[in-house]
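**Student:** Here it is, the structure, as structure tokens.
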Amino acid sequence: MSQRAYRDLKAGMKAAGEVVVASADAADYPLAIHLSDLALHEQALTVDLDPLLDGAEYSAFMEAVEALAGRPSYGFDDVVAQLQQHDDAAAERLLQRLGNLRVAEWEVWAKPGTASLVERVVGTRAAVLDTGSLADPRARSVVSLAVMGFLRRRTRRQPILLVIDEAHNVLAPNAPSALERAITDYGVWVAGEGRKYGVHLVVSTQRPQKIHRNVVSQCDNLILMRMNSVVDIEELASVFSHVPKSMIAEARSFAQGEMLVAGPIATPAMRLHVGERWCPEGGADLPTTWAFGSDAD
């Protein structure tokens with residue numbers, strides 16, 4: 001592709017809609033949501049409330065949330081304020097649970113009066129979730145649940161591409177908690193049925209065996225760069241059985257920029273080499289001049 005063709009393509013993509021890249025430290029698109037972005041049962045999952053096992057506390061939580069339903073947005077501080085107005089054992093136990101979990105202090109909550117990531121995703125062409133930028137596993141789970149839950153419930157079928165970076169953080173095969181299992185269920189739904197509703201999924205990881213198999217098996221296309229793990233290569237060869245195993249095995253010897261592309265986007269499967277980048281390089285922890293030092297050191 002010539003640079004002119006690239007500029008034309010870039011202009012067309014820009015006109016098609018915005019691409020949101022969200023990470024913990026992004027000034028424009030932080031991984032931050034409001035509690036109100038979650039459905040009631042999703043909110044209960046964040047504090048491990050079961051409607052049957054924790055019946056009284058769940059009812060107290062539901063009553064507090066319903067009292068806030070008229071607000072544009074709300075958070076756990078608002079829920080606590082509602083619970084403090086009730087003098088009963090269930091409300092006291094729930095307040096103790098929220099205090100012990102320190103859920104209101106999680107880094108994922110957007111500040112009152114600010115737009116959340118879910119609001120920013122509306123109308124975009126693509127949303128990239130850099131889940132690995134969040135240190136707390138609970139925060140990764142909650143923000144992923146909010147975005148995927150919103151996409152599942154939305155009524156407008158505007159096409160959107162959801163990219164989950166470091167997806168092994170949120171789509172684990174053996175999720176230990178109800179919250180994490182709910183995210184995996186959403187991931188399986190998006191991968192398997194989302195395209196019918198205009199939701200398309202890209203799962204990015206260096207450890208494919210640590211992603212739920214029902215998610216990976218629903219992916220039609222494979223873009224594979226260098227991979228050293230024999231176990232991961234065997235897992236990919238098993239899931240993507242339509243790709244010659246010998247081609248997947250070659251990933252152990254890929255040089256920088258080499259990749260295997262297979263599926264509907266490349267029939268038959270082919271080995272490619274990425275051209276020189278035209279955009280500024282990002283993602284490095286250190287500037288390229290670090291080894292030379294500076295007067296400020």
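**Student:** Nearest 5 percent is fine: what portion of the DSSP beta bridges confined to the chain is antiparallel? Working shown, then result.
**Tutor:** Details: 8 of 24 bridges.
Among the beta bridges of the chain, antiparallel pairing accounts for roughly 35 percent.
**Student:** Using a cut-off of 16 Å between alpha-carbon atoms, which aspartates and glutamates can reach Lys10, once sequence neighbours fewer than 8 places away in the same chain are excluded?
**Tutor:** Glu18
**Student:** Say R0 is 45 Å: what FRET efficiency, to the nearest 0.05, do Arg102 and Ser217 get from their beta-carbon distance?
**Tutor:** Details: r = 38 Å, r/R0 = 0.84.
So the FRET efficiency works out to roughly 0.75.
**Student:** Test of the criteria: in the range 1-105, which trypsin sites (Lys or Arg not before Pro) are in a DSSP loop and have at most 15 other Cβ atoms within 10 angstrom of their Cβ?
**Tutor:** Arg102
**Student:** Under the definition of Cα pairs under 8 Å and six or more residues apart, what whole-number percent is the relative contact order of the chain?
**Tutor:** Details: 409 pairs, mean separation 42.2, N = 297.
Once divided by the residue count of the chain, the mean separation gives 14 percent.
**Student:** Can you work out ³J(HN,Hα) from phi for every residue in the range 256-271, in order, using Karplus 6.51 cos²θ - 1.76 cosθ + 1.60 and θ = phi - 60°, giving whole Hz and x for Gly and Pro?
**Tutor:** For the range 256-271, the Karplus curve yields 4, x, 8, 7, 10, 10, 9, x, x, 6, 8, 10, x, 4, 9, 9 Hz.
**Student:** Moving on. Taking only the alpha-carbon positions of the range 33-191 and ignoring solvent, what does the Debye formula give for the base-10 log of I(q)/I(0) at q = 0.10, 0.12 Å⁻¹?
**Tutor:** Treating every Cα as an identical point scatterer, log10 I(q)/I(0) equals -0.36, -0.52.
**Student:** For Rg/Rh (Cα atoms, Kirkwood Rh), one of [x] 1.07; [y] 0.94; [z] 1.02 was computed from the structure I shared and the rest are decoys. Which label?
**Tutor:** [z]
**Student:** Also: So if R0 is 45 Å, what FRET efficiency would Tyr6 and Glu63 give, r being the distance between their Cβ atoms, rounded to the nearest 0.05? Can you show the working numbers first?
**Tutor:** Details: r = 56 Å, r/R0 = 1.25.
Efficiency computed from Cβ-Cβ geometry: 0.20.
Each reported figure results from applying straightforward, stated rules to the coordinates on display, with no laboratory input. If you're wondering where the values come from, they're calculated on a predicted model, not measured in any experiment. A quick note on method: Cβ atoms are made from the backbone with ideal geometry, for glycine too, and the neighbour counts reach across all protein chains shown.
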